[in-house]
Each structure stands twice: as C-alpha cells, then as structure tokens.
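S.K.: Here's a structure for you.
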Amino acid sequence: MTQTSTERGIDVPLLKRLVNRLKSPRRMTNLLLLPRLQLGMSMAILAITATFLICIAAMFYIGLEPLSEAIMQSTDADDEMRALVLDQLWHAAAQCGFLIFIYALFLLALTLAITHRMIGPTIAFKRHVDCLLEEDYTSRVRLRTSDAFQDLASRLNELAIKLGEEKK
C-alpha cells in the first residue's frame, strides 16, 4: 500500500505555492525598492558593526597575548608548545570570524526586510496618487493587514471613491 503525500505529512498545494513564490521574478525585483537607500543603510550598519567588532578583537588580542606569554614563561614551555597555544588562539579567532560573517549576513537580510517594510507603503501611495492624477479613480491602495499605514491607505481609497463619484 502506497502512502499519499498528505498521509506522509506533505501539503502538496502549499509546497507548490512556496516554489512558485521563489520562482516569481516580481518578488526578486521588488526586494530592493530603493536600492541606494536600502543598500546604503545596510552598508552603514555593517560598517558600524565591523568597527565595533574590530575594537573588540583588538581588546581580546591585547589582553590575551600577554596572558599567553606569561603562562608560557611561567611553565617553561618550549617553542612547540607556544606554537600550539598560538595556533589554538588563531583557530578560535577564525571561528569567531565565521560567526561574525554569518551575523553580518543576518544583519544585511534584516536591514533589507525592515527597510522594505518601511518603503513599501510609500511606493504603493505614489502609484495610487499617480493613478488619481491620471483620473483613474478605480485604483486602490492595498497594503499588508499588519501595516502601520493601513489607516492612511483606507483614507486614500475613500478619497478615490469620492473623486470618482464627483467626476460622474
């Protein structure tokens, strides 16, 4: 007896919708609504983060290098042991660097998502006003239900309805 996809716990229509969303060229082109602003903010945040992390790394190096030297001298360790300790310190630094890289990618994605949520409604408002200026009063502003500008969008839609009624 073969199992269907729903018996295996796979929701095929949901999976198809997710695949279609990833393939949609509109989604990818709308990722950067105002590229200069969004990437500028992202780069500024990453630069501040990088500066902060370099300062922390310098503090750790300045603090740990004399400590490792003191330990080596007090235990009369040979050059091979010193090289091993320094190798371990560099290995730990490389792991921290990898985590910082992952953090930077996460920060970049978060910045793009936040700026997209901030800028998205302004693009919708601009398109709606352009339609009103072209006397297309059937245009409506559609925003996410969780958007902070939902009240303004409904007011603009009411304005479009009133203007459309006045033109008739």
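The values are calculated or read from the model by the stated rules, or taken from the named source; none is laboratory data. Being a predicted model, the structure only gives us computed values, none of them experimental. Using ideal geometry, Cβ is built from the backbone for each residue, glycine included, and neighbour counts are taken over all protein chains shown.
S.K.: Of everything in the range 130-140, what is exposed (fewer than 15 other Cβ atoms within 10 Å of the Cβ) and part of a helix (DSSP H, G or I)? Give them in sequence order. If you could, list the steps in order and put the result at the bottom.
M.R.: So in the range 130-140, the residues exposed (fewer than 15 other Cβ atoms within 10 Å of the Cβ) come out as 130, 133-136, 138, 140.
Listed by number, the residues that qualify are D130, L133.
S.K.: Mind checking which pairs have a first residue in the range 104-130 that is in contact (Cβ under 8 Å) with a residue 12 or more places away in the chain and on the phi > 0 side of the Ramachandran plot and a second that is of a type outside the set (K, R) and assigned to a helix (DSSP H, G or I), Cβ under 6 Å, 6 or more apart or different chains?
M.R.: If the second residue must be of a type outside the set (K, R) and assigned to a helix (DSSP H, G or I), no pairs are left.
S.K.: Given the conditions (1) at pLDDT 70 or above; (2) farther than 27 Å from I119 by Cβ, and given that I45 satisfies all but one, which numbered condition is not satisfied?
M.R.: Among (1) at pLDDT 70 or above; (2) farther than 27 Å from I119 by Cβ, I45 violates only (2).
S.K.: Next question, about the same structure. State whether one or more residues within the range 73-80 are in contact with a Lys or Arg (Cβ under 9 Å, 6 or more places away or on another chain), loosely packed, with under 11 Cβ neighbours inside 10 Å and at positive phi.
M.R.: no
S.K.: Take the residues of the range 130-148 that are among the hydrophobic types (A, V, I, L, M, F, W, C) and more than 9 Å from A160 (Cα to Cα): which is modelled with the lowest pLDDT?
M.R.: It comes out as A148.
S.K.: Tell me yes or no: at least one residue of the range 22-32 is surrounded by 10 or more Cβ atoms within 10 Å (Cβ to Cβ), at pLDDT below 80 and part of a helix (DSSP H, G or I).
M.R.: Of the range 22-32, the ones surrounded by 10 or more Cβ atoms within 10 Å (Cβ to Cβ) are 24, 27-28, 30-32.
Within this subset, residues satisfying the condition of being at pLDDT below 80 are 24, 27-28, 30-32.
Filter once more, keeping what is part of a helix (DSSP H, G or I): 27-28.
Yes: one or more hits.
S.K.: Sticking with this structure for a sec: Quick check on this structure: which one of R82, R117 is within 30 Å of L156 (Cα to Cα) and not hydrophobic (A, V, I, L, M, F, W, C)?
M.R.: R117
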